[in-house]
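**Student:** Let me begin by handing over the structure; questions about it come next.
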Amino acid sequence: MSFGVDRFALEYWALAAVLLFAKMFVNSGVQGWTRIRNKAFVHPEDAAFFGGVQPRERELPLVETAADAWRNDLENIPIFLFLSLGAVLLGGTSFWVGGYCAVFVLARALHTAFYFAHRQPHRNLAYQLGLFATIATAIHVVSLL
């Protein structure tokens, strides 16, 4: 077990965390902007505050899609970030950590894009690519113990 941290591995991890945050932030922005632009709010307090309109019974389809993508991110991104940080802290090299992070970030960005475009099997393939990166990272962490 090693606790020598490769500075570049840590930098790749931090960059991946920031890029994933930015992707999720944009997704949240899509939800908010869509609601405000269309004056379409489910919660009465939001409807009153943002437009003085009657609340809707359901979210707009674009908001629902963004919320579904958000939930999927919450099921996948934290696990990957914890595992990849473990790889960094246990002495994983920048080559491997950077590779896992690059594949995962690309996979999650594609997954979200395909979610919004309603594209199957593309969305599932992007999900599987991210899952592969997560599993590979987990195996690598175990090998570093």
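Just so it is clear, none of the values below were taken in a lab; they were calculated from the coordinates. Predicted model, so just to flag it, every value in this text is computed and none were measured. Neighbour counts run over all protein chains shown; Cβ positions are idealised from the backbone, glycine included.
**Student:** Quick one: compute the contact order of the chain, relative version, from alpha carbon pairs under 8 angstrom and 6+ residues apart, as a percent. Spell out each step's value before the answer.
**Tutor:** On the way: 172 pairs, mean separation 48.0, N = 145.
Contact order relative to length: 33 percent.
**Student:** Moving to a separate point now. So, in nm, how far is label Ala48 from label Ala117 when the simple model puts each one 7 Å beyond its Cα toward the Cβ?
**Tutor:** Inter-label distance under the simple model: 4.3 nm.
**Student:** For segment 100-139 and segment 8-65, write down the distance between their C-alpha centroids in whole Å.
**Tutor:** 21 Å
**Student:** Right, another one. Indicate the helices, whole DSSP H runs only, in the chain that combine a mean Kyte-Doolittle hydropathy of 1.0 or more with a Cα extent along their long axis of 15 angstrom or more. Spell out each step's value before the answer.
**Tutor:** On the way: long enough: 7-38 (46 Å, 0.46); 61-89 (42 Å, 0.74); 94-117 (33 Å, 1.22); 122-144 (33 Å, 0.90).
Once both thresholds are applied, what remains is 94-117.
**Student:** Let me ask something else. Measuring from a point 7 Å past the Cα of Arg37 along Cα-to-C-beta, which residues in segment 114-140 have an amide N at less than 15 Å?
**Tutor:** 116-117
**Student:** Moving to a separate point now. Roughly what would the spin-label model give for Glu64 and Leu125, points 7 Å off Cα along C-beta, in nm?
**Tutor:** 2.7 nm
**Student:** I would also like to ask the following. Quick check: pseudo-label points 7 Å beyond the Cα along Cα→Cβ at Ser143 and Leu15, how many nm apart are they?
**Tutor:** Placing both labels 7 Å along Cα→Cβ, they lie 2.2 nm apart.
**Student:** Under a Cβ-only charge scheme (Lys and Arg +1, Asp and Glu -1), can you give me the dipole magnitude of segment 7-144 about the Cα centre, in debye to the nearest 20?
**Tutor:** On the way: 11 positive and 9 negative charges, 56 e Å.
It works out to roughly 260 debye.
**Student:** Test of the criteria: in segment 1-99, which GluC sites (Glu not before Pro) are in a DSSP loop and have at most 12 other Cβ atoms within 10 angstrom of their Cβ?
**Tutor:** Glu57
**Student:** Around Val42, what is the net charge, scoring Lys/Arg as +1 and Asp/Glu as -1 over all other residues with Cβ under 13 Å from its Cβ?
**Tutor:** Details: positive: Arg35, Lys39, Arg56, Arg58; negative: Glu45, Asp46, Glu57, Glu59, Glu64.
Taking every other residue near Val42 into account, the sum is -1.
**Student:** Using square roots of five times the C-alpha gyration tensor eigenvalues, list the equivalent-ellipsoid semi-axes of segment 7-144 in whole Å, biggest first. It would help to have the intermediate numbers written out before the result.
**Tutor:** Details: eigenvalues 254, 47, 23 Å².
Output for segment 7-144: semi-axes of 36, 15, 11 Å.
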